[in-house]
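This report refers to the structure that appears directly beneath it.
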Amino acid sequence: MFLPLIAVPLLLAGSALAVFTDEAWNVDYHYALLGHPKQSTSFFHQPNPSSRASLIFTLSEEGVLGAINPRDGAVVWRQVLLPGASAHNASFLRAGEGQDVVISGIGSQVAAWSAGDGRQAWSLDVNGPVEDVEILELVDGKDASGAKDAVALSGGDHPLVQRLDGATGAVKWQHQLGGTDAPYQVSASTTEVFAISLHKTILGYLKLKVTSLDPVTGHKTDEHMLSSENELATAETIVTVGANSASPIIAWTDSAHSVLKVNIMGTKGISSFEIEKHDGQAVERVELHAPYHLNSLSHFLVHYQTATSHWAEVFHVDLKNGKVGKAYSLPKLSGRGAFSTSTSDANVYFTRVTRNEVMTVSSASHGILGRWSVDGFNVAAGEGEEIEPIHAVSDVSVRGDTVSAVRSAVLLSTGDWVLLRDGSPVWDRPEMLASTVSATFASPAEMETLVQQLEAEAHSNPIQAYIHRVSRHLHDLQRLPSFILSLPQKIVQGFLGTSADGGIATDSFGFHQIIACATKDGRLVAVDAGNPDKVLWNQQVADLQPGQIWQPSVSSPRGGVIEISSKASAGVQYNASSGEQLASILPIDLAADQTAQEVKYTMHDGGLEATVDSSTTWHFMPTSGERIVSLVPRPVNDPVASIGKVLGDRRVLYKYLDPNLALLVTANDAARAATFYVLNTVSGAILYSNVHSGVDVSSPIASMLSENWFTYSFTAEALGDSPKGHQLVVGELFESLVANDRGLLSSTANYSSMQTGTEPFTLTKIYQIPEAVSKMAVTRTRQGITSRQLLAVLADSSAVVGIPYGVLDPRRPINRDPSKDEQAEGLVRYSPVIDFDPKWYLNHQREVVGVKDVITSPALLESTSLLFAYGLDIFGTRLSPSFSFDVLGKDFNKFQMLATVAALAVATFVVAPLVMRKQVNSRWQFM
Amino acid sequence: MATQFPPPPPPQWLRDLTATSTPAKPKSSSIPDPPGFTSTTALTTKQSKASASKALTPRKQPSPEEMDTLKLKKAWELALAPAKQLPMNAIGMYMSGNSLQIFSIMMVFMLFKGPITAVLNIQGTFQRLETDSNRQQMLLVKAAFVGCNLLALALGLWKVNGMGLLPTTRSDWLAWETAREPLERAYYVPS
């Protein structure tokens, strides 16, 4: 009984925190993502050469280098090498055998990272973009114990081959590749370094030029052109330019994929192999898989892929006579397949992953060493969609002559990265979410059907409504058996206080909202905000050509429906719970009130243009030299609980509430100034404007408008006596600055902005903030009663902070302490610097990297707002800016309460006879 | 004096049963009754002793006029009693502060309940003191009683106002004011 007493002061201390310790890691969720892994930059590697435990390393299309624990899929470490990278950026990741560093090359930087903890060992900026990085597996006497050197090939105006010291990154030698040839790749054998560049012939075809360099001195030893005739039209048909192996090879095909040509580097001979046609279908893709180690057998596998099937052929290189010969072929299977190469000592194993099975063969013979069937990848996919493996990396453990186990990290066509251990999925990482471009909250369709049925009952006549209700209840009775079955478990869980939130159907708090994310590669992925461990559904919604950029906007026009619209296509709607496409398209602005006249405005020719019934009403053109940075309209659904602010003496300051407000930000690059306008978007009137000079226009300018206040932040340059710093400006619009005065329009029921233009009175305050804000959002609750928090994304510290509005309030008194009335309002003295309180960091210990945008949605509980941040990482949490006043927290001890009630009941039953007896006795006993 | 033996006392249970109104005097008590108290048992059983020890002179009954004056005096006392409590109440209210706490709320509640119930029970309060002859004067007394209670009520109102529970300011009626409806709505159409 003393324990609760001790707990009381602890709980009181806890209530001062913004993120409660019992809620951290519990109500929030975070996917630490890497992005789309690339085949060429993903591998298993042992970070500590002395131990056998290996990690999966990858450098993703998003430019993130990371190490994954193959046991549970958790990120061991990661580094964002190139923020905002895309699939077009060439990137390289190499690990030397038995080395504890991995060497990356992306952009114009080559860097080495400690494989175990991700610390940078060294980095080097090469002139021009990095074209290739290789590790020199040289076995010369003096360097045998130390770090292995790297060879980097850089492009640009002066293509260079550089040998970098493995321990320090210092350039040991460099060789300039002369001429106009485009550098393509670098490769190393035991004795030579080969630099391959593409030479353009007069006819526009490409020829491969191989330059051999001495690895010790960097001097050119040989240079020759490979006679590729007129086969190479683009660099894309070069299948591979061999990596580190005993005999590096170059392989290419013609554009029709009819013939495969292979050259062993350092020789001039070219072996040519016909690619046989299967079922008359064109081969779409030819890939070559070869081991990466010098001491492994020089065998390689060529993987052919058509639209419906795939097969592979294994070739052996005869080192003595420099000939390439086909050894055996793996049979054709339908669907797509992924091959991966693993080595064990000198033996080479190829693992084939198809949608049905995983099997491993040795490179020496076609006998199957291990075969496991795959029952499913255990990931969400669209209806009727076949989940196909795209690429895989494998780790084979060999016992004797057989393969005892194989682990494969497979990228699936759904964008999930899964690990198969002997054919059964162990974990999956939803890496497709790392490329989310647009997201929205939607309420589940199950909730909506009940609402619709209740509405139908309300609108029909009483008898029909009664029949409808009875039939609905009869229908509900079908769920009774399962409900009764789950009842004991529910009671036990409720009694122990361990009850997890129910499913979507029984969600009474509105925490289970569906978040639909449209990803870069044309998929729509749905996550349940209340149960974020699992992807609900994952659907291909757009067929994109390679290289095509998709800029969709996802929205939820009404509950249970998700709508995607992009430039190319009008809105397509999907059921939020199942992902099914809805046949009937609803009008977009169903929620809009029908009585009001509609004004539509859009960005046009660098300005704004508004139309009413297709006739232009107003134009907004920034002055010359200015460009529009952003436009933030007030949200369509922005409930406001009170139209005024109650002052400390109980008078009222009326807010200027107009749904047609927008905050427009323009920047002048030449004058280094930014202008902020608050516009009335019906009349086009400028209600407020402010120019800030000395603004760093290249850094992000975040802005936000909600209710009757706006805020923006920018980076100010050092100017005169003011230092460089980040500033946050908050402005609040009032009808009148005189209390109890409702302005010119007084209490009229409606107004037209076209006829009567009232101007607000604006109070602003500028604050210095310690960090640049890259994006702003605001919490939203169901009725707008709860106080607001400004959500600011801090890109530099990978964090999201929630700043309470009270801190930003423009009515904070300057140069004096607040009066008693102001204190009653909660106003504190103005201080020009806002330090981000560590309690405001919503991500607490988590590192939320690369957040591009934050969206919020009200829950059914008034106190709570849901947050979802996307970009590279996915982060979501529940916020209660005024604390959770309408729901019991986790700290509420249900068991203690029940025990108290039970104890009281027992006491009553025990004491009642005693008291009764005493009363009777007192009647009968005198003195 | 011939020795007279009293009849044997009835058994205890019978005495308990018959003695309904007066509580039984403890047997073991050796404390004498206070002067002027004549217990019924003493009157019946020990009359001779009592008459010998005390000389009781019967009081002279007051005249009806004197009675009226006395009753009026008593009535004025009753009527002015709430006014006498006012300063104490006022101090109590002042001390309890204007914050909304259970203690101050209870005090304010009692402050309202007292005068209202007193005014409602005014007839009962003065019934014993009212006679046909002093009815005219009693009206004035009752008016004074109501007035004093109203003063106490006013104190309560002052207190409630101090606590901010009276809807006298603009903010109290803010919830009934509605936002103005715009006749136009603007929508941003991304180009």
Checklist entry - What number, in percent, do you get for the relative contact order of region A:405-541 if the mean sequence gap of Cα pairs under 8 Å and at least 6 apart is divided by its residue count? => result 23 percent
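Provide a whole-number value for the mean count of partner chain Cβ atoms within 10 Å of the Cβ atoms in peptide B:166-177.
That works out to 5 on average.
Hey, what did region A:328-431 get for relative contact order, percent, Cα under 8 Å, at least 6 apart?
Relative contact order comes out at 22 percent.
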Item to check | Set of lysines with alpha-carbon distance to A:LYS655 below 26 Å, sequence-local pairs under 8 removed | outcome: A:LYS600, A:LYS645, A:LYS765, A:LYS775, A:LYS820
Checklist entry - What do the square roots of 5 times the Cα gyration tensor eigenvalues come to for the protein assembly as shown, in whole Å, largest first, as semi-axes of the equivalent ellipsoid? => result 85, 40, 29
Checklist outcome for this item: Assertion target for A:LEU177, B:LEU139, ordered by fewest C-beta neighbours within 10 angstrom first, is B:LEU139, A:LEU177
Checklist entry - Extension gain A:SER373-A:GLU386, at 0.36 nm per residue separation less the Cα-Cα distance, in nm? => result 3.1 nm
Checklist entry - Distance in nm between label sites at A:GLN783 and B:LEU157, each 7 Å beyond Cα in the beta-carbon direction? => result 3.2 nm
Item to check | Estimated distance in nm for a label pair at A:GLU274 and A:SER424, the labels positioned 7 Å out from Cα along Cα-to-Cβ | outcome: 4.7 nm
Item to check | Per-residue mean of C-beta atoms belonging to partner chains within 10 Å, peptide A:52-60 | outcome: 0
Checklist outcome for this item: Magnitude of the Cβ-charge dipole (Lys and Arg +1, Asp and Glu -1) of chain A about the Cα centre, nearest 20 debye, reported as 2160 debye
Checklist outcome for this item: A convex hull over the alpha carbons of region A:637-771 yields, per residue, a volume in Å³ of 143 Å³
Checklist entry - If you take the charge dipole of the protein assembly as shown about its Cα centre, with +1 on Lys and Arg Cβ and -1 on Asp and Glu Cβ, which of A:TYR292, A:ILE135, A:ALA405 is farthest toward its positive end? => result A:ALA405
Item to check | Pairwise centroid distance, computed over Cα atoms, of region A:286-318 with region A:627-684, Å | outcome: 62 Å
Next on the checklist: Straight-line reach only, C-alpha to C-alpha below 20 angstrom: list the lysines that B:LYS142 could link to, leaving out same-chain residues fewer than 8 apart.
Outcome noted: B:LYS71, B:LYS73, B:LYS74, B:LYS84, B:LYS113
Next on the checklist: I want the local charge near B:ASN149. Using Cβ-Cβ distances under 13 Å, sum +1 for each Lys or Arg and -1 for each Asp or Glu among the other residues.
Outcome noted: +3
Item to check | Order of A:GLU131, A:GLU609, A:GLU385 - criterion: other Cβ atoms within 10 Å of each residue's Cβ, fewest first | outcome: A:GLU385, A:GLU609, A:GLU131
Checklist outcome for this item: The relative contact order of chain A, taking Cα pairs under 8 Å that sit 6 or more residues apart, comes to a percentage of 7 percent
Checklist outcome for this item: Applying the gyration tensor rule to the Cα atoms of region A:779-857 (axes a ≥ b ≥ c; rounded if a/c under 1.5, else prolate if a/b exceeds b/c, else oblate), the class is oblate
Checklist entry - Once the piece of chain linking A:THR449 and A:THR764 is laid out straight, how much longer is it, given 0.36 nm per residue of separation minus the C-alpha distance between them? => result 108.9 nm
Item to check | Backbone N under 18 Å from the A:SER508 label point (7 Å along Cα→Cβ), restricted to region A:440-474 | outcome: A:447-448, A:450-451
Checklist outcome for this item: The exposure ranking of A:LYS520, A:LYS724, B:LYS60, fewest beta-carbon neighbours within 10 Å first, is B:LYS60, A:LYS724, A:LYS520
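Computed from the coordinates by the stated procedures, all read-outs in this text should not be read as laboratory data. Everything numeric in this text was worked out from a predicted model, so none of it was measured. With ideal geometry, Cβ positions are generated from the backbone for all residues, glycine too; neighbour counts draw on all protein chains shown.
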